[in-house]
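Enquirer: If you scroll down you'll find the structure; I have some questions about it.
The values are calculated or read from the model by the stated rules, or taken from the named source; none is laboratory data. Note that the coordinates shown come from a computational prediction; the quantities given were computed from them, not determined experimentally. Neighbour counts run over all protein chains shown; Cβ positions are idealised from the backbone, glycine included.
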């Protein structure tokens, strides 16, 4: 491959992966064309992209970007899976696909500068909460003490209201109210 072609591919990688801060590096070896097309179609429907990369050129393109730490895993046939709402969603989708396909192997993943190595790392990443799920958990944790406090504040009032309603019911029914000592 000539130097101008290599430079053109590197520019393409830089353009394609600009703004991409995380992704999953996979190896697709031995996957038939039909399965590959079904995988890509399913991923595209969720705004997830998969790009097969030339390792040496990808290393050059990744230099100085958030994807740089994936460079050491660029050996053999490599493809970068990226996009979606979060890298966790990408990892979940690709792990789900890998359950059925033995030809899909995980090399590494990167999320917010943290590298997850090998299949165990990618599977661990897929179990992380997405950004929205994590925000919901934080909101729940923040609101929980307030909810408990409100329950404690309302409880005596509810008890008093119950007593008043019982007195009202007895008075309307013509019953006498006995005083307790």
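Enquirer: In region 31-48, which residues are free of Cβ contacts under 8 Å to residues at least 12 places away in the same chain and surrounded by 11 or more Cβ atoms within 10 Å (Cβ to Cβ)? Before you say what the answer is, go through the steps one by one.
Expert: Initial filter on region 31-48 (free of Cβ contacts under 8 Å to residues at least 12 places away in the same chain): 32-34, 36-38, 40-41, 44-45.
Answer for region 31-48, where residues must be free of Cβ contacts under 8 Å to residues at least 12 places away in the same chain and surrounded by 11 or more Cβ atoms within 10 Å (Cβ to Cβ): 36, 37, 38, 40, 44.
Enquirer: Let me ask another. Which of (1) assigned to a helix (DSSP H, G or I); (2) buried (at least 18 other Cβ atoms within 10 Å of the Cβ); (3) modelled with pLDDT of 85 or more is the odd one out, the single condition residue 125 does not satisfy?
Expert: Of the numbered conditions (1) assigned to a helix (DSSP H, G or I); (2) buried (at least 18 other Cβ atoms within 10 Å of the Cβ); (3) modelled with pLDDT of 85 or more, the odd one out for residue 125 is (3).
Enquirer: Consider residue 109 carefully, then state whether it is within 13 Å of residue 22 (Cα to Cα), surrounded by 12 or more Cβ atoms within 10 Å (Cβ to Cβ) and assigned by TED's automatic domain parsing to the domain that holds residue 74. Outline the logic, then answer.
Expert: Values: within 13 Å of residue 22 (Cα to Cα): yes; surrounded by 12 or more Cβ atoms within 10 Å (Cβ to Cβ): yes; assigned by TED's automatic domain parsing to the domain that holds residue 74: yes.
Considered against the rule, which asks whether it is within 13 Å of residue 22 (Cα to Cα), surrounded by 12 or more Cβ atoms within 10 Å (Cβ to Cβ) and assigned by TED's automatic domain parsing to the domain that holds residue 74, residue 109 comes out as yes.
Enquirer: Of the residues 28, 10, which is in the same structural domain as residue 84 (by TED's automatic domain parsing), surrounded by 11 or more Cβ atoms within 10 Å (Cβ to Cβ), in contact with a helix residue (DSSP H, G or I) (Cβ under 8 Å, 6 or more places away or on another chain) and modelled with pLDDT of 85 or more?
Expert: Details: 28 fails: modelled with pLDDT of 85 or more.
None of the others qualify; the one that does is 10.
Enquirer: Continuing with this model, one more query. Against the definition (at pLDDT below 85, over 22 Å from residue 128 (Cβ atoms) and assigned to a helix (DSSP H, G or I)), how does residue 35 come out, yes or no?
Expert: Numbers: at pLDDT below 85: yes; over 22 Å from residue 128 (Cβ atoms): yes; assigned to a helix (DSSP H, G or I): yes.
Yes.
Enquirer: Sticking with this structure for a sec: Restricting attention to region 89-118, report how many residues are within 12 Å of residue 73 (Cα to Cα) and in a helix (DSSP H, G or I).
Expert: 1
Enquirer: Continuing with this model, one more query. Scan (1) surrounded by 12 or more Cβ atoms within 10 Å (Cβ to Cβ); (2) outside any strand (DSSP E or B) for the single condition residue 75 breaks and write down its number.
Expert: Result: residue 75 passes all but (1).
Enquirer: Oh, and also: Suppose we filter 67, 80 for residues that are assigned by TED's automatic domain parsing to the domain that holds residue 11, under 19 Å from residue 125 (Cβ atoms) and modelled with pLDDT under 90; which single one remains? Outline the logic, then answer.
Expert: Working: 80 fails: modelled with pLDDT under 90.
Only one candidate passes the filter, namely 67.
Enquirer: Mind checking which residues of region 1-17 are without any contact (Cβ under 8 Å) to a residue 40 or more places away in the chain and not in a helix (DSSP H, G or I)?
Expert: Of everything in region 1-17, those that are without any contact (Cβ under 8 Å) to a residue 40 or more places away in the chain and not in a helix (DSSP H, G or I) turn out to be 1, 2.
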